[in-house]
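Below you'll find the structure, written out as structure tokens, and then a few comments.
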Amino acid sequence: MARRISAEEQIRILLAQYEPEMQRAFLAAIEDLKGRIELQRVVDALSRGDIEAAVRALNIEPAVYRPAAA
């Protein structure tokens, strides 16, 4: 009889298979963001306590940092 693989084992298998690709995609996304961030505007906004302005200076689409609507 074949042994059933647990969900945890399945996740470990998938991570081993896709981890290098996911890592490359994640690092590429970070590099892309670094090129678009206006760092001084972020620092200035945070110094003023203006979180909304800091987020705008990050040039990130709101959908990226807002949880998905249920």
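The values are calculated or read from the model by the stated rules, or taken from the named source; none is laboratory data. Values in this document were obtained by computation on a predicted structure and should not be read as measured data. Virtual Cβ from ideal backbone geometry, glycine too; neighbours counted across all protein chains shown. Side chains included, ligands, DNA and RNA excluded: accessible areas come from the protein's heavy atoms. Shrake-Rupley method; radii C 1.70, N 1.55, O 1.52, S 1.80 Å.
In degrees, nearest 10, range 0 to 90: what is the angle between the Cα axis of helix 39-48 and the longest Cα principal axis of the chain?
For helix 39-48, the angle is close to 70 degrees.
Using the Karplus curve 6.51 cos²θ - 1.76 cosθ + 1.60 with θ = phi - 60°, what ³J(HN,Hα) values do you get for each residue of segment 14-31, in whole Hz, with x for Gly and Pro?
5, 4, 4, 6, 9, 4, x, 5, 5, 4, 4, 5, 4, 5, 5, 5, 5, 4
Please state the relative contact order of the chain as a whole percent: Cα pairs under 8 Å, 6+ residues apart? Present the calculation step by step, with values, prior to reporting the outcome.
Working: 26 pairs, mean separation 16.6, N = 70.
Relative contact order comes out at 24 percent.
What is the distance, in nm, between label points placed 7 Å from the Cα along the Cα-to-Cβ direction at VAL43 and at GLU31?
For the pair VAL43/GLU31, the computed spacing is 2.5 nm.
Tell me, what % of the accessible area of the chain is carbon and sulfur with a 1.4 angstrom probe? Don't jump to the answer; show the numbers that get you there.
Numbers: 3810 of 6360 Å².
Carbon and sulfur: 60 percent of the exposed surface of the chain.
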